[in-house]
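So the structure is just underneath, and the comments pick up after that.
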Amino acid sequence: MQVRLSVHVIGVGAIVAGGILAASTPSISQEGGAPDAGVPYVLPQSGPFNPEDIAIENSQAITDWYRSAHADQAAEAFRHWDADEEIRPVCAVCHSGEGFRAFHGLDGSAPGIPDKPIPTGGVVDCGTCHNAGLSKVNEIAFPSGLMHPVEGVEAACLTCHQGRTAGVSVANAVAGKNDDQPDPELSFINPHYATAAATWLGGYAAAGFHYEGQTYSGRFFHARPVSTCNSCHDPHSLKVEFETCLTCHQGTEPSDIRISRQSYDGSGDTSVGIKRDIDNNAALLLDMVREYAADIAGVPLVYDGNRHPYFFADANGDAMADQAEGRPVVYNAWTPRMLRAAYNWKLVTADPGNFAHNPPYALELLYDAIADLAGPLGVDMERLNLLR
Ligand code: HEC
Ligand code: HEC
Ligand code: HEC
Ligand code: HEC
Ligand code: HEC
């Protein structure tokens, strides 16, 4: 739907600070429509944005936001709880502006997981990021336990894009178990989705499973002009403007970018973007996980990226998930070694921007998982010619 916004949106004087932004209110003041239906947007109370002064930009911001994933009310990320008519508190923190505000105590409640479910229908609304209270949030807890200092709106991005697990969740699950022994107590650990902030902070936030004896790259500092989320992503459209990159890089799109003169994937091809090396190693790792499942764990698996929990059993090896009671059989022969590898694979691939957020960390996690599987599979690492 084409939303034509007129400047009178800003004219909707009354600012509802910390209120429930009714992004669900269909009337983003479309032309000719009633301008005041429920004051659809929470505008900043203070800070650099003075509504009167920024009428044009505001309307642009709304238009860009409205077309973005953050405003996409139809997305699974916002519709998942429709049948329940309310969002579980722990999920609402990242799946609704209202839940987010409750979590950080921006709605006057005590900070922490909301104490009751949050109504469905919310999105990542204006009042999520434009909230005077956000400036008082000066550190964000990551699933690994890391407390990372933040400034301003970064607090918002890092809250929601940190994923839900850390490598230590995997380490705990497999502790004391035999590396290559299938264990029915093990199940896939899903890092969750759009885990950009976790990737970006690398080994320091420890979202990946870290193999013993290895060291891992920390935060990808990149270069000063592109050191935060919003230096690359427009905060409203969420798009990455390639012009931003051209000061320092060449190519026609981000996936072309390469600085490294070494080949990580054994292809020897350094004319392509670093993304290609990461993608190739990820593909190799998934193949090796499959091979390991069949040969070592003894139950072949199929991966279905559209269906949680993604890994299904294929005992008869027909490349289709086995069915029981009309449902695919969830993979049930995990060994510690296989779980670690599959987890790192999923973490890296859960971030489509991994090559820009932290290419060294992505490459390290993949390499170590490949090397770990290579042993029992009898694969010669030398011959793969990969670089870590
Ligand atoms: C995901 C976080 C986020 C959301 C959601 C968001 N904004 Fe913003 N907005 C920002 C950030 C960050 C800036 C500062 C940009 C800068 O400094 O360049 C900004 C800047 C602005 C500005 C100043 C002009 C500009 O474009 O830089 C206006 C006006 C604005 N936002 C309005 C809105 C409105 C209205 C909404 C809801 C329709 C909204 N924003 C939703 C993060 C957000
Ligand atoms: C730390 C923040 C965070 C928490 C907590 C969180 N999620 Fe998410 N979730 C996200 C983000 C970010 C995405 C967006 C991924 C995308 O679609 O790009 C997402 C996506 C999803 C999706 C859509 C996946 C898809 O394939 O499109 C589902 C379903 C989901 N989450 C369920 C849940 C459930 C259930 C809970 C609570 C048990 C939960 N989430 C808690 C951040 C979170
Ligand atoms: C309240 C939680 C929340 C906050 C805060 C948040 N996001 Fe998101 N973000 C999400 C969810 C949920 C999705 C997936 C929405 C969907 O599937 O439509 C998403 C999607 C995205 C996407 C994917 C866009 C696409 O086209 O698929 C990008 C990029 C993004 N966010 C960047 C940011 C940045 C940068 C910030 C900080 C300025 C931020 N987000 C703040 C929850 C959040
Ligand atoms: C150096 C630039 C840069 C920085 C800094 C950066 N990103 Fe990205 N991000 C990208 C690129 C490039 C992509 C790949 C998608 C594209 O080309 O649009 C991407 C992809 C994403 C995606 C997935 C979008 C999708 O299509 O599903 C999310 C979510 C995201 N970034 C969030 C963030 C968050 C949150 C931060 C801060 C912690 C951040 N990004 C920092 C460049 C950057
Ligand atoms: C001010 C200069 C500068 C800008 C602007 C910049 N980069 Fe970079 N980029 C660098 C530097 C320097 C490195 C090497 C950093 C390192 O390895 O620590 C790098 C590395 C990278 C890499 C990894 C390349 C490799 O071979 O490992 C990618 C991918 C990348 N940048 C993407 C982007 C994207 C996408 C943008 C635009 C949104 C961007 N960069 C903007 C300076 C910049």
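Which condition number in (1) closer than 20 Å to His70 by Cα; (2) crowded, with 16+ Cβ neighbours inside 10 Å; (3) within 16 Å of ligand 1 (Cβ to nearest atom) is the one that Thr195 fails?
(3)
Can you tell me how many residues within the stretch 85-111 are assigned to a loop (DSSP other than H, G, I, E, B) and farther than 20 Å from Ala197 by Cα? Even if it seems obvious, please write down each step before you answer.
Here is the first cut: in the stretch 85-111, the ones assigned to a loop (DSSP other than H, G, I, E, B) are 85, 88, 96, 104-111.
Now narrow it down to the ones that are farther than 20 Å from Ala197 by Cα: 85, 88, 105-111.
Of the residues in that region, 9 qualify.
Examine the stretch 123-134 for a residue that is part of a loop (DSSP other than H, G, I, E, B) and either assigned by TED's automatic domain parsing to the domain that holds Asn58 or of a type in the set (A, V, I, L, M) (or both), and state whether such a residue exists. It would help to see each step written out before you state the result.
Step one: filter the stretch 123-134 for residues part of a loop (DSSP other than H, G, I, E, B), giving 123-125, 130-131.
Within this subset, residues satisfying the condition of being either assigned by TED's automatic domain parsing to the domain that holds Asn58 or of a type in the set (A, V, I, L, M) (or both) are 123-124.
There is at least one residue in the stretch 123-134 that is part of a loop (DSSP other than H, G, I, E, B) and either assigned by TED's automatic domain parsing to the domain that holds Asn58 or of a type in the set (A, V, I, L, M) (or both).
Restricting the first residue to the stretch 68-80 and requiring it to be among the aromatic types (Phe, Trp, Tyr), which pairs with a second residue that is assigned to a helix (DSSP H, G or I) and more than 16 Å from ligand 5 (Cβ to nearest atom) meet a Cβ separation below 8 Å and a spacing of at least six or different chains?
Phe78/His95
Would you pick out the residues in the stretch 259-292 that are part of a loop (DSSP other than H, G, I, E, B) and either closer than 22 Å to Lys346 by Cβ or under 23 Å from the mean Cα position of the chain (by Cα) (or both)?
Of the residues in the stretch 259-292, the ones part of a loop (DSSP other than H, G, I, E, B) are 259-273.
Passing the criteria: Tyr264, Asp265, Gly273.
Among the residues of the stretch 309-318, write down those that are within 30 Å of the chain's Cα centre (by Cα) and more than 16 Å from Leu339 (Cβ to Cβ).
At the first step, the residues of the stretch 309-318 found to be within 30 Å of the chain's Cα centre (by Cα) are 309-314.
Passing the criteria: only Asp314.
Residue-by-condition table, conditions (1) in contact (Cβ under 8 Å) with a residue 60 or more places away in the chain; (2) aliphatic (A, V, I, L, M):
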{"site": "Asn316", "(1), (2)": "no, no"}
{"site": "Gln323", "(1), (2)": "no, no"}
{"site": "Ala333", "(1), (2)": "yes, yes"}
{"site": "Arg340", "(1), (2)": "yes, no"}
{"site": "Tyr343", "(1), (2)": "yes, no"}
{"site": "Pro360", "(1), (2)": "yes, no"}
{"site": "Leu363", "(1), (2)": "yes, yes"}
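For Ala315, state whether it is closer than 20 Å to Thr165 by Cα and more than 16 Å from ligand 1 (Cβ to nearest atom). Walk me through how you get there before you give the answer.
Numbers: closer than 20 Å to Thr165 by Cα: no; more than 16 Å from ligand 1 (Cβ to nearest atom): yes.
In short, no.
Here is a yes/no grid of residues against (1) modelled with pLDDT under 95; (2) within 15 Å of ligand 3 (Cβ to nearest atom); (3) in contact with a Pro (Cβ under 7 Å, 6 or more places away or on another chain):
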{"residue": "Asn58", "(1), (2), (3)": "yes, no, yes"}
{"residue": "Arg67", "(1), (2), (3)": "no, yes, no"}
{"residue": "Glu76", "(1), (2), (3)": "no, yes, no"}
{"residue": "His80", "(1), (2), (3)": "no, yes, no"}
{"residue": "Glu86", "(1), (2), (3)": "no, no, yes"}
{"residue": "Val90", "(1), (2), (3)": "no, yes, no"}
{"residue": "Cys94", "(1), (2), (3)": "no, yes, no"}
{"residue": "Gly99", "(1), (2), (3)": "no, yes, yes"}
{"residue": "Ile113", "(1), (2), (3)": "no, yes, yes"}
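A quick yes/no check of all residues on (1) under 27 Å from Asn58 (Cβ atoms); (2) without any contact (Cβ under 8 Å) to a residue 24 or more places away in the chain; (3) among the charged types (D, E, K, R):
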site: Cys91; (1), (2), (3): no, yes, no
site: Gly99; (1), (2), (3): yes, yes, no
site: Pro114; (1), (2), (3): no, no, no
site: Ala132; (1), (2), (3): yes, no, no
site: Val153; (1), (2), (3): yes, no, no
site: Ala166; (1), (2), (3): no, no, no
site: Gly176; (1), (2), (3): no, yes, no
site: Pro184; (1), (2), (3): no, no, no
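Counting only residues that are in a helix (DSSP H, G or I) and within 16 Å of ligand 2 (Cβ to nearest atom), which one in the stretch 350-368 is farthest from Pro191 (Cα to Cα)? Lay out the reasoning, then the answer.
Of the residues in the stretch 350-368, the ones in a helix (DSSP H, G or I) are 354-357, 359-368.
So of that shortlist, the ones also within 16 Å of ligand 2 (Cβ to nearest atom) come out as 354, 356-357.
Numbers: Asn354: 14, Ala356: 19, His357: 16 Å.
Among residues in the stretch 350-368 that are in a helix (DSSP H, G or I) and within 16 Å of ligand 2 (Cβ to nearest atom), the one farthest from Pro191 (Cα to Cα) is Ala356.
For Asp183, only one of the following conditions fails: (1) modelled with pLDDT of 95 or more; (2) not assigned by TED's automatic domain parsing to the domain that holds Asn344. What is its number?
Result: Asp183 passes all but (2).
Tally time: how many residues in the stretch 253-312 are polar (S, T, N, Q) and under 20 Å from Pro191 (Cα atoms)?
Going through the stretch 253-312 one residue at a time, the tally reaches 2.
Taking the stretch 206-255 only, how many residues are within 16 Å of ligand 2 (Cβ to nearest atom) and touching a Lys or Arg at 6+ places or on another chain (Cβ under 9 Å)?
Result for the stretch 206-255: 2.
The values are calculated or read from the model by the stated rules, or taken from the named source; none is laboratory data. Source: prediction; values computed, not measured. Methodologically, a virtual Cβ is constructed for each residue, glycine included, from the backbone with ideal geometry; neighbour enumeration extends over all protein chains shown.
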